[in-house]
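Read the structure below first, then the notes.
Only the coordinates and a few stated rules stand behind these numbers; no lab work does. The model shown is predicted, which means the values in this text are computed figures rather than measured ones. Because the Cβ atoms are built from the backbone with ideal geometry, glycine has one as well, and the counts that use them run over all protein chains shown.
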Amino acid sequence: MRAIITVIGKDTVGILAKVAGVCAEYNANVTEVTQSVLQDMFAMIMLVDISRLNADFTVLADRFTKMGEENCLKIHAMHEDIFNCMHHI
Amino acid sequence: MINAYDILETIRMIQDECLDIRTITMGISLLDCIDTDIDRACEKVYEKITRCAEKLVSVGEGIEKEYGIPIINKRLSVTPIAIVSAACNASPVKFALTMEKAAKAVGVNLIGGYSALVQKGFSAGDERLINSIPEALASTSCVCSSVNIGSTKTGINLDACRIMGRIVREAAEKTVDDQCFGAAKLVVFCNAVDDNPFMAGAFHGVGEPDCIINVGVSGPGVVRSALTKYPDANITEIADIIKKTAYKITRVGQLVGVTASKRLGVPFGIVDLSLAPTPAVGDSVAHILEEVGLERCGACGTTAALAMLNDAVKKGGVMACSRIGGLSGAFIPVSEDAGMIAAAECGALSIEKLEAMTAVCSVGLDMIVIPGDTTADVIAAMIADEAAIGMVNNKTTAVRVIPAIGMKEGDVLDWGGLFGKGPVMKVNTNSPSKFIARGGQIPAPLHSLKN
């Protein structure tokens, strides 16, 4: 089971570290990251393995939503199935 | 890894373009709750609804968080109460109160099924139920009611049209202090479907399994936004863009339905391939039609544009899910669609145009506010007209009009939330009374003879 974490917002120091830190806290293994900064805008897509999470995935999703609000970022943690179903036949 | 563009597209659809799952509706059969003692029957109904739907809301909320997609409503539909209450020789209002209590206990938004099927005549419990509808709707907040008065196979029960004209008025009169809200929870159908997940017309048909999950998707904002990127495309290309977008929207409905059914241990029924608007900005079917190239929804060309839209939504959605059902198509409820409200307010959209539009889209005259002095016979004749369109075209049609008691053209009824607000629209007041008073059955059309 995998999930996709997207982070969009104004670039500051340590965004990737903070997000990765939460992943480690919940035992979500980061398997792939694409990240770019365009005109001060930070955009990151992170693929994480959630099969060995130490909590319910909804708890992790809530944590990221809250973290996004606290840091003026938009952070979404969503199960990969929603992307797969929508974009693949 | 999944393409980054696809990921961002999905997130944009949800965040900026109002993509959501409109409803997960659990259908529950109450046939095993029938009892001659009404109190005993109500006890069984309460027990069964709360048992089957105990986890519906929590499972729905879990799916919302996991997939990051809002699920706006969790609803219930039950076997038409006219059937369940037929054996009790008492007013079925107690069933409505029981439905309300059970719905509140499990936390759903609405419960449908205070219904009767009288397309060919009235059986034991039907008239009792129909006459109790105004009281049932006035004494509950989340119970919805529907009555099927015609079908392609049977023709139209004109006696039922006459009665329903009166019932719609009474439902509004009894809730006059609550913006006539009773009538907003009452739908009169022709060719009603057994697996409709949308309110107010949802009921659980008798041929359905004991318990089932049906899903209704939404997404007018996503379709409109996709079209804005192609200002110069011809109409064939427009239809193609709508198909592709509808596919994506419907896939999410399928995913949510399958997941909910697995987690609840209940079979998955159908996805309703729908474009269901809300009064929120950017969630309007009328605005799609305007994006296609009409100055205002209701202008000449609206029916043609809507026919194309409705067809493309189905063609796109059909491949996206395992089973399709419900009403499947674009909805055009006036009060629930910001673009329709604006068009009605400025006079671009009339009831006559809406009637034409119902011939090519999903349902019928939906959430239309009419003057408070509209007679029961005029409402009955509106119902008969809509039913005729449904009967002849082999499609579902419906009437959900709200007589704004004490109000005139130009006034506004405002319910807020998903029900929205609607300006009082002009109605042709020439009397159809003699036609309605004739009663009897309009015979089924020749093309109903398919065997």
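List of remarks:
- By the count of other C-beta atoms within 10 Å, a proxy for reagent exposure, A:MET46, B:MET407, B:MET391 are ordered fewest to most as B:MET407, A:MET46, B:MET391.
- Rg/Rg_ref, the range B:277-381, where Rg_ref = 2.2 N^0.38 Å and atoms are Cα: 1.11
- Paramagnetic reach from B:ASP210 in the range B:35-53 [backbone N under 11 Å; point 7 Å along Cα→Cβ]: B:52
- Beta bridges per DSSP, both residues in chain B: antiparallel share near 35 percent.
- Under the Karplus curve 6.51 cos²θ - 1.76 cosθ + 1.60, θ = phi - 60°, whole-Hz ³J(HN,Hα) for the range B:381-387, x wherever Gly or Pro sits: 6, 4, 4, 5, 4, 4, 4
- Packing here is the average count of other Cβ atoms within 10 Å per residue, and on that basis the peptides B:154-165, B:35-46, B:98-109, highest first, run B:154-165, B:98-109, B:35-46.
- Built from the Cα atoms of chain B, the convex hull projects on average onto 20.7 nm², one quarter of its surface area.
- Built amide H within the under 5 Å cut-off of B:GLY329, gap 5+: B:LEU273, B:SER274, B:LEU275
- Amide H contacts of A:VAL30 (H built 1.01 Å from N, under 5 Å, at least 5 apart or other chain): A:ASP49
- Shielding by partners, peptide B:248-257 (average Cβ within 10 angstrom, other chains): 3
- Between 0 and 90°, nearest 10: helix A:15-25 axis offset from chain A longest Cα axis: 30 degrees
- Working from Cα pairs under 8 Å separated by at least six residues, relative contact order for the range A:2-87 is 41 percent.
- Beta bridges per DSSP with both ends in the range B:213-438, % antiparallel, nearest 5: 25 percent
- Dipole moment magnitude, nearest 20 debye, the range B:23-190 about Cα centre, only Lys, Arg, Asp, Glu C-beta charged: 300 debye
- Under the Karplus curve 6.51 cos²θ - 1.76 cosθ + 1.60, θ = phi - 60°, whole-Hz ³J(HN,Hα) for the range B:150-167, x wherever Gly or Pro sits: x, 7, 4, 6, 10, x, 10, 7, 5, 4, 5, 4, 4, 4, 5, x, 5, 5
- Rounded Å value of the spacing that divides the Cα centres of the range B:346-363 and the range B:41-95: 33 Å
- Amide H contacts of B:ILE370 (H built 1.01 Å from N, under 5 Å, at least 5 apart or other chain): B:ILE402, B:ALA404, B:MET425
- Magnitude of the charge dipole for the protein assembly as shown, about its Cα centre and with charges confined to Cβ atoms of Lys, Arg (+1) and Asp, Glu (-1), is about 880 debye.
- Beta bridges by DSSP in the protein assembly as shown, antiparallel share as percent, to the nearest 5: 55 percent
- What the phi angles of the range B:326-333 give under the Karplus curve with 6.51, -1.76 and 1.60, with θ = phi - 60°, is a coupling list of x, 9, 6, x, 7, 8, 10, x Hz, glycine and proline written as x.
- Taken along its three principal axes, the alpha carbon spread of the range B:374-427 comes to 34, 27, 14 Å, from the longest extent down to the shortest.
- Along each principal axis, Cα extent of the protein assembly as shown, largest first, Å: 78, 57, 51
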